[in-house]
């Protein structure tokens, strides 16, 4: 379907002071780019566009100007929102402690026809779909289009709490098509209207905007369990946000802490207390709206939640619309996981069981063969004078997979955490697990796998472990570690020659720690500044003065 936009912008301009309307016209900006007009008493009026914000008048907004606008609007509801009859514009009020309006946000509402094609196959299949995304990214626009398209073949009822979907007034905006609209007297009653819609009006699909309270989440579950398709939006940008939100986590099944049996904990390679999904999700499809033309789709929310909680996130489907309106679909792997960062099998890595170069040995059984990674598989080789690193396949037993992967990514070393012990070239575990001699450890020894026992749950020891087996300490002509060390040594010489302080090139935490060690050895002071990936070391002659 061809994309078409209607915004009734002249209706919104009709309630604004004339000099502000003239200022908007004088800007000669595209109407489609205007998002909202901001009027705050005692401040200059501004217009917010897609890319920037522009001052409309150098004179401050007065109480008379705010009164001029409010007199031309309908009544403000309990949520401090008002609108214009048969339009999608929303005017939100800011009140002082006495209840007087001292600020207005005049948001432009647009009906954009033809945008649902990027999700049409999902909603027409009868899925319960939850839309997530930051404000202004187009959640309500997609919701409105979904209602209009489905209403051609299904009985659709919209629960319109703030009149953003169907517009202000008793007659809904044409943009919702044949869908019926139920208004909500007060936001606190939204959950009751949701249930009323099911009980009284026999819908096949219910559309609801901004599920934000626990009672609304429970009402959504009730609706879904009655076999009614549910399409809604919720506060949050991603699945992680919902899982961390105790009020809304039930929408995706909720999470709870459970205690595993010893056997199950060994099989999973986690602690006995882990996070698990509590119930089937209310919504079986989750759509993260990243931009107006880019969506991330999780088409099996139950599997996605389970994967995150176990540190094995599932790939997501990325849907994009280009400038020509063509839609492309591809699969992407999430960059991080949820579960093990929030209590499910929370472990870290440390040192190798057979430390090299004089490191401390552990009290290990005498019958254990002396396996060393270099004997069975070396991920580092040298050819034509250059170092080459091959992928190391690791089985993680009792350690956090996501931390192992994150540190490897930070150090830029190739590892793959595998689920099958036979496919692994090395097994990584914790000291307390190894001392218990579980069956999996014994099997790994019989198979001749290299075993690394890690001491403490610190990122420093994770980095030491990977730096050791991938020989990041080795000097090669273009080795980044060597170059960073030489840079630090040169800075130390310059400091000792009289320089006050020197900033080094940004590096990862492993290299920064080596640079700090060099500074301490030279009896100088060093601190790290900035945020990743631009965090850097600064070396001083003396301790810097506090600001």
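Applying the selection to the stretch 233-271, what residues are touching a strand residue (DSSP E or B) at 6+ places or on another chain (Cβ under 9 Å) and over 30 Å from residue 206 (Cα atoms)?
257, 258, 259, 260, 265, 266, 268, 269
Which fully enclosed strands (runs of 3 or more DSSP E) of the stretch 45-148 have 3 or more residues being closer than 20 Å to residue 20 by Cβ?
Numbers: elements: 46-49, 53-55, 81-83, 90-95, 101-107, 111-113, 129-132.
Of the strands (runs of 3 or more DSSP E) lying wholly inside the stretch 45-148, those with at least 3 residues that are closer than 20 Å to residue 20 by Cβ span 46-49, 53-55, 90-95, 101-107.
Of all the residues that make up the stretch 272-303, how many are buried (at least 20 other Cβ atoms within 10 Å of the Cβ), more than 28 Å from residue 227 (Cβ to Cβ) and touching a strand residue (DSSP E or B) at 6+ places or on another chain (Cβ under 6 Å)?
So the answer is 1.
Out of (1) surrounded by 13 or more Cβ atoms within 10 Å (Cβ to Cβ); (2) under 30 Å from residue 142 (Cβ atoms); (3) in contact (Cβ under 8 Å) with a residue 40 or more places away in the chain, the odd one out for residue 48 is which?
(3) is the only condition that residue 48 fails.
I'm told residue 103 meets every condition in (1) closer than 23 Å to residue 289 by Cβ; (2) at pLDDT 95 or above except one. Can you identify the failing condition by its number?
(1)
Could you tell me whether any residue of the stretch 188-198 is under 13 Å from residue 283 (Cβ atoms), touching a helix residue (DSSP H, G or I) at 6+ places or on another chain (Cβ under 8 Å) and not in a loop (DSSP other than H, G, I, E, B)? Give the derivation first.
Initially, the stretch 188-198 is screened for residues under 13 Å from residue 283 (Cβ atoms), giving none.
No, that holds for no residue.
If we scan the stretch 77-85, do we find a residue that is without any contact (Cβ under 8 Å) to a residue 12 or more places away in the chain and surrounded by fewer than 19 Cβ atoms within 10 Å (Cβ to Cβ)?
Kept after step one, since they are without any contact (Cβ under 8 Å) to a residue 12 or more places away in the chain, are these residues of the stretch 77-85: none.
Checked the stretch 77-85: no residue is without any contact (Cβ under 8 Å) to a residue 12 or more places away in the chain and surrounded by fewer than 19 Cβ atoms within 10 Å (Cβ to Cβ).
Scan the stretch 395-418 residue by residue and report those that are at pLDDT below 85, more than 25 Å from residue 481 (Cα to Cα) and either surrounded by fewer than 22 Cβ atoms within 10 Å (Cβ to Cβ) or assigned by TED's automatic domain parsing to the domain that holds residue 313 (or both).
none
Residue check: is residue 189 modelled with pLDDT of 90 or more, in the same structural domain as residue 157 (by TED's automatic domain parsing) and surrounded by fewer than 16 Cβ atoms within 10 Å (Cβ to Cβ)? Before you say what the answer is, go through the steps one by one.
On the way: modelled with pLDDT of 90 or more: yes; in the same structural domain as residue 157 (by TED's automatic domain parsing): yes; surrounded by fewer than 16 Cβ atoms within 10 Å (Cβ to Cβ): yes.
Here the answer is yes, as residue 189 does meet what is asked.
Tell me yes or no: at least one residue of the stretch 30-38 is free of Cβ contacts under 8 Å to residues at least 40 places away in the same chain, outside the structural domain of residue 324 (by TED's automatic domain parsing) and in a strand (DSSP E or B). It would help to see each step written out before you state the result.
Filtering the stretch 30-38 for residues free of Cβ contacts under 8 Å to residues at least 40 places away in the same chain gives 30-31, 33.
Within this subset, residues satisfying the condition of being outside the structural domain of residue 324 (by TED's automatic domain parsing) are 30-31, 33.
Retained after the next criterion (residues that are in a strand (DSSP E or B)): none.
Within the stretch 30-38 (the criterion being free of Cβ contacts under 8 Å to residues at least 40 places away in the same chain, outside the structural domain of residue 324 (by TED's automatic domain parsing) and in a strand (DSSP E or B)), the answer is no, since none of the residues qualifies.
Tally time: how many residues in the stretch 244-267 are touching a helix residue (DSSP H, G or I) at 6+ places or on another chain (Cβ under 9 Å), in contact (Cβ under 8 Å) with a residue 24 or more places away in the chain and over 26 Å from residue 195 (Cβ atoms)?
Going through the stretch 244-267 one residue at a time, the tally reaches 2.
So, in the stretch 155-172, how many residues would count as being farther than 17 Å from residue 81 by Cα and buried (at least 17 other Cβ atoms within 10 Å of the Cβ)?
Residues of the stretch 155-172 farther than 17 Å from residue 81 by Cα: 155-158, 171.
Then keep just the ones that are buried (at least 17 other Cβ atoms within 10 Å of the Cβ); that gives 156-158.
Residues meeting the conditions: 3.
Every residue in the stretch 442-456 that is closer than 19 Å to residue 392 by Cβ and not in a loop (DSSP other than H, G, I, E, B), please. Give the steps one after another, and end with the answer.
Step one: of the stretch 442-456, the residues closer than 19 Å to residue 392 by Cβ are 444-445, 447-454.
444, 445, 450, 451, 452, 453, 454 - these are the residues of the stretch 442-456 that are closer than 19 Å to residue 392 by Cβ and not in a loop (DSSP other than H, G, I, E, B).
Just wondering, is there one or more residues in the stretch 400-412 that are touching a strand residue (DSSP E or B) at 6+ places or on another chain (Cβ under 8 Å) and outside any helix (DSSP H, G or I)?
So in the stretch 400-412, the residues touching a strand residue (DSSP E or B) at 6+ places or on another chain (Cβ under 8 Å) come out as 401, 404-405, 408.
Narrowing the set further to residues that are outside any helix (DSSP H, G or I) leaves none.
Within the stretch 400-412 (the criterion being touching a strand residue (DSSP E or B) at 6+ places or on another chain (Cβ under 8 Å) and outside any helix (DSSP H, G or I)), the answer is no, since none of the residues qualifies.
For the stretch 369-391, check the following and say yes or no: at least one residue is part of a strand (DSSP E or B), surrounded by 14 or more Cβ atoms within 10 Å (Cβ to Cβ) and at pLDDT 80 or above.
Step one: of the stretch 369-391, the residues part of a strand (DSSP E or B) are 380-383, 386-389.
In the following step, the residues that additionally are surrounded by 14 or more Cβ atoms within 10 Å (Cβ to Cβ) were identified as 380, 387, 389.
Now drop any that are not at pLDDT 80 or above, which leaves none.
The answer is no; no qualifying residue exists.
When you scan the stretch 231-319 for strands (runs of 3 or more DSSP E) that lie fully inside it, which ones turn up with 2 or more residues that are within 18 Å of the chain's Cα centre (by Cα)?
Numbers: elements: 255-259, 273-277, 285-291, 294-298.
Passing ranges, in order: 285-291, 294-298.
The values are calculated or read from the model by the stated rules, or taken from the named source; none is laboratory data. The structure displayed is predicted, hence computed values, not measured ones. Cβ: placed from backbone, ideal geometry, glycine included. Neighbour counts: every protein chain shown.
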